[in-house]
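Q: Let me begin by handing over the structure; questions about it come next.
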Amino acid sequence: MSFTPDTPLLPGKNLRPLPMLIFGSRWLQLPLYLGLIVAQGVYVVLFLKELWHLISHAFDFSEQQIMLVVLGLIDVVMISNLLVMVIVGGYETFVSRLKLEGHPDEPEWLSHVNASVLKIKLAMAIIGISSIHLLRTFIEAGNLGGSARTTNYTSEGVMWQTIIHVVFILSAIGIAYVDRISNGSVEAGHEHPTH
């Protein structure tokens, strides 16, 4: 079998030193993903701490205080989900295949993940996290101007948090729109190949 320029590169085929160095440099990201796994562990500790705080004060807290702690727990879970998406999706996309095909616990979204899909999923996760923060802010903001109870939020702070949340939403819409245009132009190129 003779090798021609059109012959595809076979798996395990030796690369020249410079392409091998450049391609192998993707493994420099491995410590970053391992660091995110450690961060995930820290979030588990934080979650358990907040859960214990909620259980130990279940009879002392008001309904509003319980709601704020529960929203904090949801926030930790959503950030943890974001970490899993970055760790698993990023490693699969930029470092190496995880070879999870056929595994019963393979995430549904991992089978069609690429850099574009990962960006949109991350943007949606960030909007979800921002929504939880904004909801907590609105609950706390109910105390603005009241003399009996105080809050750490100001009217200006609430306004800026709302504006930032809207910017997140517009950014996600923009990313999805650009992705749709890009995919449309790629599909159009496949339908009308140039001669």
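The values are calculated or read from the model by the stated rules, or taken from the named source; none is laboratory data. Bear in mind that the values here come from a model prediction, so they are computed numbers and not experimental data. In this analysis, Cβ positions are derived from the backbone assuming ideal geometry, glycine residues included, and neighbour counts consider all displayed protein chains.
Q: Filter region 50-103 down to the residues that are among the small types (G, A, S) and either surrounded by 14 or more Cβ atoms within 10 Å (Cβ to Cβ) or touching a helix residue (DSSP H, G or I) at 6+ places or on another chain (Cβ under 6 Å) (or both) and list them by number.
A: Correct list: G72, S80, G89, G90.
Q: Further question: What about D75, is it closer than 27 Å to I164 by Cβ and acidic (D, E)?
A: It is true that D75 is closer than 27 Å to I164 by Cβ and acidic (D, E).
Q: Would you point out which residue out of I79, I87, I127, I74 is touching a His at 6+ places or on another chain (Cβ under 8 Å) and either in a helix (DSSP H, G or I) or modelled with pLDDT under 80 (or both)?
A: I127
Q: Which of (1) at pLDDT below 85; (2) within 20 Å of L68 (Cβ to Cβ) is the odd one out, the single condition A176 does not satisfy?
A: Of everything listed in (1) at pLDDT below 85; (2) within 20 Å of L68 (Cβ to Cβ), A176 misses just condition (2).
Q: Name the single residue, out of those in region 1-43 being modelled with pLDDT under 85 and among the charged types (D, E, K, R), that is farthest from G72 (Cα to Cα).
A: D6
Q: Among the residues of region 99-108, write down those that are modelled with pLDDT under 80 and not charged (D, E, K, R).
A: Within region 99-108, L100, G102, H103, P107 qualify.
Q: Then there's this: Would you point out which residue out of E140, E101, E92, E50 is acidic (D, E) and not in a helix (DSSP H, G or I)?
A: E101
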